[in-house]
Every structure is written in structure tokens, then in C-alpha cells.
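**Q** Please see the structure below; I have some questions.
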Amino acid sequence: MVKLKIGASILDANFLHLKEQIDAVVGDVDEIHLDVMDGVFVDNISFGPSIISQVRAAYPEAFLDTHLMISRPDAMWRHFQTAGSDVVTFHYEMTPHTYIICKEMHDAGIQAGVSVTPATDVAVLEPVTEYIDRVLTLTVEPGFGGQAFIPAMLRKIERARKLFGDDVDIQVDGGIKNTTIVDAKNAGANVFVLGSYFFKAEDPRERVLEIRDLLGA
Ligand code: DX5
Ligand code: ZN
């Protein structure tokens, strides 16, 4: 059985109190999810490698999951490796070179993740699974936290699990909360990113424990 993992996305955290916010969840989640946006692929701009380096320095033991929503992942991913990411996930839609980027990431000693927006079929990744550690199926249009989970993505998650088997992490991101996470798990996802559900809450840790309980993880 694949390991169930919970990631906390800091996109909707209070950046004036970022350390406090991460402190509240870091001991009870499996990953810290870092959403990088450049205003080209999505209509939003977030943060870059220097923030990730600071998170790495403050949390040397944390597993850092960087989700690149940027236009030149081929040119940029190494900066995020240097910053301390354990896995870097980039969008299939932003490059014709998925295979070679994933291979280079492996050669560089980090995990490779490939992400698809809701309209892109996961089957496009099937020919290049050799170096893919995780497939991220966006369950909202990427760009912002706090959006509603798209129910049609459940069939896509099922397909992803069938196509890639149990050696690849199937990650879901967008609209994951207490009312959607069990469906996503039952469809075959094993890595769950939650942003606003944790960081818009008064007590993020309480929410993490609730989610852990719901997953039985
Ligand atoms: C969306 C980002 C997500 C975002 C999720 O483009 O990739 O990681 O933070 O936020 P919620 O959990 O609020 O949908
Ligand atoms: Zn994300």
C-alpha cells in the first residue's frame, strides 16, 4: 500500500508570521508545499528561491515540495534544487522537454514531479515515467488558493493510479479539505496538498490532526 502524505501549502499563510505558521504544522505534516508563480503561467506572483532557502535553513529536517507554476522550468529548476527542495514539480504544459528535465533532476539527486492542469490528460506522461517520482493532478485551475475542488478530477486521479502504479506518488492540489480528501484518497491519490484549509483556520494544527484522522494516516 502506498504511503499517505499530507503537504501544507504556505501560499495562503500569513507571510508576516510565516515562521509561526510553519511551526504550527511542521511536526504533523509530511511535507511543506511551496508554490512558485511567475505571473506568466498563472495570473499570480508568489515567491522564489530565496524564500525557499530561508525555509530550508529554518527547517533542516523538513521535506520541501516545490511546485513550479512558471514558464521556463527547464531553465529554472536548478535554482530550486540549490535552494533546498527535496522534490521539484513542474508543469508539463510549460515545456516540451519533460523527459530530459526529470532525468537531469534524478542525476542531480532530487525527486522529479510533473504536474498537469485540469484540462491535460495524465496519459501524456505515460511514455516518460522512467524518471517521474510524482504526478501532480491539479484539482483546480492553478494560480490561487481557496478555490473549489473540481469533481471531474476524481476520474483522472483513478486513471493516474492505474497508469503509473504504486511506485509513483499521485498528488492532488487544490480544493482539498475535510469534505473532498476522502474521495481523492479513494480515487487513488496518496499525497494531499492543503493550503487555505490549514492556514485560513484559527488553529492550523487542529486542522492537520483532523485531516490525519480522516485519512487514517
Ligand atoms: C494552487 C496552488 C495550491 C494552493 C492550494 O495553484 O498550487 O498549492 O495553495 O490552495 P487550497 O488548498 O486553498 O486550494
Ligand atoms: Zn501547489
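So that you can scan it fast, the table gives a plain yes or no per residue for (1) touching a residue at least 24 places away in the same chain (Cβ under 8 Å); (2) small (Gly, Ala, Ser); (3) closer than 24 Å to HIS79 by Cβ:
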| residue | (1), (2), (3) |
| --- | --- |
| THR98 | yes, no, yes |
| MET105 | yes, no, yes |
| SER115 | yes, yes, yes |
| ASP121 | yes, no, no |
| LEU125 | yes, no, yes |
| VAL128 | yes, no, yes |
| ASP133 | yes, no, yes |
| LEU136 | yes, no, yes |
| PRO142 | yes, no, yes |
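**Q** Tally the residues that are assigned to a strand (DSSP E or B) and open to solvent by 20 Å² or more (accessible area, probe 1.4 Å), restricting the search to the stretch 1-23.
**A** Residues that pass the stated criteria total 1.
Residues are listed down the side, and each one gets a yes or a no for (1) within 16 Å of ligand 2 (Cβ to nearest atom); (2) modelled with pLDDT under 95; (3) open to solvent by 10 Å² or more (accessible area, probe 1.4 Å):
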| position | (1), (2), (3) |
| --- | --- |
| LEU138 | yes, no, no |
| GLU141 | yes, no, yes |
| PHE149 | yes, no, yes |
| LEU154 | no, no, yes |
| ARG159 | no, no, yes |
| LYS162 | no, no, yes |
| ASP166 | no, no, yes |
| ASP173 | yes, no, yes |
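**Q** Okay, next question. Residues VAL36, VAL29: which one is within 16 Å of ligand 2 (Cβ to nearest atom), under 20 Å from THR95 (Cβ atoms) and at pLDDT 95 or above?
**A** Within the list VAL36, VAL29, the selection yields VAL36.
**Q** Something else: With the requirement that a residue be over 13 Å from ALA187 (Cα atoms) and within 16 Å of ligand 1 (Cβ to nearest atom), what does the stretch 137-168 give you?
**A** Residues satisfying the conditions are LEU138, VAL140, GLU141, PRO142, GLY143, PHE144, GLY145, GLY146, GLN147, ALA148, PHE149, ILE150.
**Q** To continue, here is another question. As an exercise: evaluate ILE181 against (1) within 12 Å of ligand 1 (Cβ to nearest atom); (2) under 24 Å from SER46 (Cα atoms); (3) not basic (Lys, Arg) and give the number of the one condition it does not meet.
**A** Of the numbered conditions (1) within 12 Å of ligand 1 (Cβ to nearest atom); (2) under 24 Å from SER46 (Cα atoms); (3) not basic (Lys, Arg), the odd one out for ILE181 is (2).
**Q** I need the full set of residues from the stretch 175-209 which are touching a residue at least 60 places away in the same chain (Cβ under 8 Å), surrounded by fewer than 21 Cβ atoms within 10 Å (Cβ to Cβ) and either β-branched (Val, Ile, Thr) or more than 26 Å from PHE15 (Cα to Cα) (or both), in order please.
**A** If the condition is that a residue be touching a residue at least 60 places away in the same chain (Cβ under 8 Å), surrounded by fewer than 21 Cβ atoms within 10 Å (Cβ to Cβ) and either β-branched (Val, Ile, Thr) or more than 26 Å from PHE15 (Cα to Cα) (or both), then LYS185 is the only one that fits.
**Q** Here is a further query. Of VAL26, VAL122, VAL128, which residue is over 29 Å from GLU210 (Cα atoms), open to solvent by 20 Å² or more (accessible area, probe 1.4 Å) and out of contact with any Gly (no Cβ under 7 Å at 6 or more places or on another chain)?
**A** Only one candidate qualifies: VAL128.
The values are calculated or read from the model by the stated rules, or taken from the named source; none is laboratory data. Quick caveat, the model's predicted, so the values are computed rather than measured. Cβ coordinates were reconstructed from backbone atoms using ideal geometry, including for glycine residues, and neighbour counts include every protein chain displayed. Surface accessibility is based on the protein's heavy atoms, side chains included, excluding ligands, DNA and RNA. Shrake-Rupley method; radii C 1.70, N 1.55, O 1.52, S 1.80 Å.
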